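Below is one structure; the comments refer to it alone.
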Amino acid sequence: MEVTTPGQLRAMADPLRGTILDLLLERAATVAELAAAVKRPKSTVAHHVNVLVDAGMLRVVRTRRVRAVEERYYGRTARMFYVGVVSQPGDDKTLVHANALSVAAAESVPAHEADELRSTVRHARITDQQAADFWLRVDALLSEFAQLPRSGDTVYGFAAGLYPTDFPSLSDPDESLSGASASDG
């Protein structure tokens with residue numbers, strides 16, 4: 001689902017609502033189950049669930065009668081939420097995107113300190129089209145990761161980024177040879 005309204009962006013930008021969205025990747029859950037998982041009062045979690053429902057990111061997927069109360073199970077409306085162009089009526093369209101790598105960097109500090117962080121950075125001089133094609137492959141891998149069956153006791157994060165840099169690069173071999181004089185050799 002593409003996130004395109006300011007309300008949707010605000011809904012997913014809140015850390016607790018982001019956690020709720022992540023938890024609901026595993027399975028549908030009630031407000032009570034979510035509150036227990038995040039160790040927050042049910043009233044607080046219910047408010048945040050309602051914000052996500054109003055933003056179209058959650059919906060009731062089933063109900064169950066428990067004594068005199070109808071229990072609602074909430075599920076996501078999409079496996080993935082992409083931030084697109086966010087605009088308000090009358091405003092110019094503005095591209096908005098949270099820096100997921102900053103979030104991942106902060107989240108990964110304890111793993112780094114415990115020597116349990118697997119990470120790498122590589123640089124390559126490639127064309128814009130190659131970058132776009134490569135990102136499609138990374139996005140497919142991210143989707144595969146998000147759909148893995150839930151098991152085990154540890155929650156792992158997966159971060160990826162593809163961005164232009166000022167990292168130095170060598171000139172093409174042909175360029176360096178054509179610029180060399182006979183006395184250089």
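Glu71 meets the conditions (1) assigned to a helix (DSSP H, G or I); (2) open to solvent by less than 60 Å² (accessible area, probe 1.4 Å) in every case but one. The failed one is (1).
Checked against (1) within 16 Å of Ala146 (Cβ to Cβ); (2) surrounded by fewer than 16 Cβ atoms within 10 Å (Cβ to Cβ), Leu24 passes all but a single condition, namely (2). Filtering segment 1-35 to residues that are closer than 16 Å to Arg79 by Cα and among the polar types (S, T, N, Q) leaves Gln8, Thr19.
When segment 27-39 is limited to residues that are open to solvent by less than 30 Å² (accessible area, probe 1.4 Å) and among the small types (Gly, Ala, Ser), the one that is farthest from Val61 (Cα to Cα) turns out to be Ala35. Scanning segment 104-140 for residues that are outside any loop (DSSP other than H, G, I, E, B) and hydrophobic (A, V, I, L, M, F, W, C) turns up Ala104, Ala105, Ala106, Val109, Ala111, Ala131, Ala132, Phe134, Trp135, Leu136, Val138, Ala140.
Taken over segment 95-151, the residue count meeting the criterion of being under 21 Å from Leu21 (Cβ atoms) and not polar (S, T, N, Q) is 21.
Filtering segment 81-118 to residues that are at pLDDT 75 or above and touching a helix residue (DSSP H, G or I) at 6+ places or on another chain (Cβ under 8 Å) leaves Phe81, Leu117.
Per the conditions (1) over 28 Å from Asp139 (Cβ atoms); (2) modelled with pLDDT under 90, the sole criterion not satisfied by Arg10 is (1).
The values are calculated or read from the model by the stated rules, or taken from the named source; none is laboratory data. It should be emphasised that the depicted structure is a prediction, and the values quoted were computed from it without experimental measurement. Cβ sites come from the backbone with ideal geometry, for glycine too, and all protein chains shown count toward neighbours. Note: areas computed on protein heavy atoms with side chains; ligands, DNA, RNA excluded. Shrake-Rupley method; radii C 1.70, N 1.55, O 1.52, S 1.80 Å.
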